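Worksheet: one structure, shown below.
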Amino acid sequence: MGGSDGRDDLPPKERLGRDSADLLEESADVEVVAAVLDLAVTRRLHRRRATLLGMNCPRGHGPLAHENLHGIEVDRCSTCHGVWLDTDELGELEATGAPNENDRRGMIEYSKRASEMDCPKCSARMVAFDYRANSLELDACAEDHGYWLDGGEDGRVRELIEQRVRDLYRAQTAEASWGQFMDGLRGLTGKVKR
Ligand SMILES: [Zn+2]
Ligand SMILES: [Zn+2]
């Protein structure tokens with residue numbers, strides 16, 4: 001084990017990802033710090049590769065191809081039909097089924113746990129979660145690069161968001177009917193008292 005002298009040569013923490021910075025904070029071990037730096041450099045190279053050459057399928061099927069999905073520019077695997085959405089593009093996909101922004105409010109990532117795949121952009125291990133508390137498991141980059149949807153899951157997202165809109169309006173209509181009913185009752189009692 002080396003001393004702590006090597007730490008003086010480290011690049012500023014700001015140049016590392018959030019996770020790396022946390023690890024550096026916790027560890028005074030130079031070898032661990034070196035491993036973290038290696039990882040940070042590897043991730044930076046992956047990001048650069050992804051920018052220059054495009055991304056690979058996180059399920060190991062090679063390059064993703066550009067595709068237009070309901071007007072959104074996405075990256076699709078021709079083998080497993082999984083699709084990569086950049087961070088904003090999940091919202092854009094939801095908007096195709098729920099155009100009103102209010103209907104898309106609320107938490108999206110429930111019950112987060114470790115994913116079995118790495119982010120195709122930065123190679124960091126992704127996070128699996130239940131989409132809007134439904135039984136649909138999606139994967140997200142922990143560093144907010146985007147989402148991986150397995151084959152068919154983009155269709156499920158649209159079905160579920162459309163269902164959400166229907167449920168919201170049903171609830172609103174029920175509430176409005178109840179309000180009218182109560183107003184009616186009040187009107188009646190008003191008349192009785194007079
Ligand atoms: Zn694939
Ligand atoms: Zn990433």
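The values are calculated or read from the model by the stated rules, or taken from the named source; none is laboratory data. Only a predicted model underlies this, so the values are computations on that prediction, with no experimental measurement involved. Because the Cβ atoms are built from the backbone with ideal geometry, glycine has one as well, and the counts that use them run over all protein chains shown.
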What's the number of the condition Glu162 fails, among (1) surrounded by 11 or more Cβ atoms within 10 Å (Cβ to Cβ); (2) part of a loop (DSSP other than H, G, I, E, B)? (2)
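Look at the range 67-97 and say how many of its residues are within 14 Å of the chain's Cα centre (by Cα) and within 16 Å of ligand 1 (Cβ to nearest atom). Even if it seems obvious, please write down each step before you answer.
Restricting attention to the range 67-97, the residues satisfying the condition of being within 14 Å of the chain's Cα centre (by Cα) are 83-94.
Right, trim to within 16 Å of ligand 1 (Cβ to nearest atom) and you get 83-85.
Of the residues in the range 67-97, 3 are within 14 Å of the chain's Cα centre (by Cα) and within 16 Å of ligand 1 (Cβ to nearest atom).
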Looking only at the range 142-159, how many residues end up being away from ligand 2 (no atom under 16 Å from the Cβ) and touching a residue at least 12 places away in the same chain (Cβ under 8 Å)? 9
Criterion first (surrounded by 16 or more Cβ atoms within 10 Å (Cβ to Cβ), within 15 Å of ligand 1 (Cβ to nearest atom), part of a helix (DSSP H, G or I) and modelled with pLDDT of 95 or more) does Asp154 satisfy it? yes
Give Asp150, Asp130 a once-over and let me know the one that is under 16 Å from the mean Cα position of the chain (by Cα) and closer than 30 Å to Arg44 by Cβ. Asp150
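One line per residue, one yes/no per condition, for (1) within 16 Å of ligand 1 (Cβ to nearest atom); (2) of a type in the set (Gly, Ala, Ser); (3) touching a Cys at 6+ places or on another chain (Cβ under 7 Å); (4) not in a loop (DSSP other than H, G, I, E, B):
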{"position": "Pro99", "(1), (2), (3), (4)": "no, no, no, no"}
{"position": "Asn102", "(1), (2), (3), (4)": "no, no, no, yes"}
{"position": "Ala114", "(1), (2), (3), (4)": "no, yes, no, yes"}
{"position": "Met117", "(1), (2), (3), (4)": "yes, no, no, yes"}
{"position": "Met126", "(1), (2), (3), (4)": "yes, no, yes, yes"}
{"position": "Phe129", "(1), (2), (3), (4)": "no, no, no, yes"}
{"position": "Ser135", "(1), (2), (3), (4)": "no, yes, no, no"}
{"position": "Leu138", "(1), (2), (3), (4)": "yes, no, no, yes"}
{"position": "Asp144", "(1), (2), (3), (4)": "no, no, no, no"}
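Report yes if Arg76 is away from ligand 2 (no atom under 15 Å from the Cβ) and more than 30 Å from Gln172 (Cβ to Cβ), otherwise no.
Numbers: away from ligand 2 (no atom under 15 Å from the Cβ): yes; more than 30 Å from Gln172 (Cβ to Cβ): yes.
Yes; evaluated as a whole, the condition is true for this residue.
Only one residue in Arg76, Arg113 is under 20 Å from Arg125 (Cα atoms), at pLDDT 95 or above, in contact with a strand residue (DSSP E or B) (Cβ under 8 Å, 6 or more places away or on another chain) and surrounded by fewer than 18 Cβ atoms within 10 Å (Cβ to Cβ), so which one is that?
Matching residue, one of Arg76, Arg113: Arg113.
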